[in-house]
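Structure first, then comments.
The values are calculated or read from the model by the stated rules, or taken from the named source; none is laboratory data. Note that the structure is a prediction, hence the values are computed from the model and not measured. Cβ: placed from backbone, ideal geometry, glycine included. Neighbour counts: every protein chain shown.
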């Protein structure tokens, strides 16, 4: 099966985006979806398309009305784990249907549950599937069913369907017999930032720590990383866990609890801007222990000279094959073995 890769071309006058928590993507709880949407906004505004993006009130600064040329529309939501995205997407969809938007673009499976509604109002519908969200352990049976239904509705309702990787395109074709356009996140080569901020705040000099940066949710399997680090990592190499959890924090509490036995495990909280650049640019090894991923934005923010340890399901994403270590995504023992090997490499 051949997938079609091409640039996104919008010939309509206006587009409304639904699926972002907030913008700019510098808030506690941000994800790759927000960074991806920010990239698309840049492209669309250059094409002189009028862009409107629905955001949640808790995730967007009060005085921010325009971001990268896109007008931000604050729609209410119920800020609870199982209702936040659902309620926001429903309200945003109903609002968008009664405005003169030519196209409504849904991001992620959850918001796509309502992708059929704009078609009733003769709107064009775009959908981007970022990952197989129903596979995530953080959701219970009912939530997984709703996410899978949202995926189905999104695929069936879309005039244009996008995915962020070839693997997802293959899944869509196999499951739904529909071609998806592969639209991967844009990579860039960041300049290596000197470790000034991280030196002052955390005592990190560069090349002396292993880094995880992202959300603290169950499918990221941070317990694998903490246990492996405690068991096999050499002295003098710290473990830095940057990010956090929203909607309660039970998983983050669990990770902090099992980390107490080792004082070299550092929790920074959420990081943005220069501090984030320094952490990404100076780590000895970047680790992503995830069980479920689409095409992680963070891998596109790293220098290609950075050594990474990632699941074998992401092997095609990292272009520098000399700087990548892969582990079997279903085997914790293999993860431990590969982490030990990766920390000894230069």
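Based on this model, can you work out whether residue 286 counts as within 23 Å of the chain's Cα centre (by Cα) and in contact (Cβ under 8 Å) with a residue 60 or more places away in the chain?
Yes: the conditions hold for residue 286.
Might you let me know whether the range 133-142 holds any residue that is touching a strand residue (DSSP E or B) at 6+ places or on another chain (Cβ under 6 Å) and buried (at least 20 other Cβ atoms within 10 Å of the Cβ)?
no
Among the residues of the range 303-311, are any assigned to a loop (DSSP other than H, G, I, E, B), at pLDDT 95 or above and in contact with a strand residue (DSSP E or B) (Cβ under 9 Å, 6 or more places away or on another chain)?
no
Could you identify the single residue in 252, 257 that is touching a helix residue (DSSP H, G or I) at 6+ places or on another chain (Cβ under 9 Å), assigned by TED's automatic domain parsing to the domain that holds residue 322 and either surrounded by fewer than 20 Cβ atoms within 10 Å (Cβ to Cβ) or part of a helix (DSSP H, G or I) (or both)?
252
Quick check on residue 110: is it at pLDDT 95 or above and out of contact with any strand residue (DSSP E or B) (no Cβ under 8 Å at 6 or more places or on another chain)?
When the stated conditions are applied, residue 110 passes them.
In the range 117-127, which residues are in a helix (DSSP H, G or I) and either surrounded by 20 or more Cβ atoms within 10 Å (Cβ to Cβ) or assigned by TED's automatic domain parsing to the domain that holds residue 296 (or both)?
118
So, residue 322, is that one modelled with pLDDT under 95 and not in a loop (DSSP other than H, G, I, E, B) or not? Explain how you work it out, then say what you get.
Numbers: modelled with pLDDT under 95: yes; not in a loop (DSSP other than H, G, I, E, B): yes.
So residue 322 fits the description; yes.
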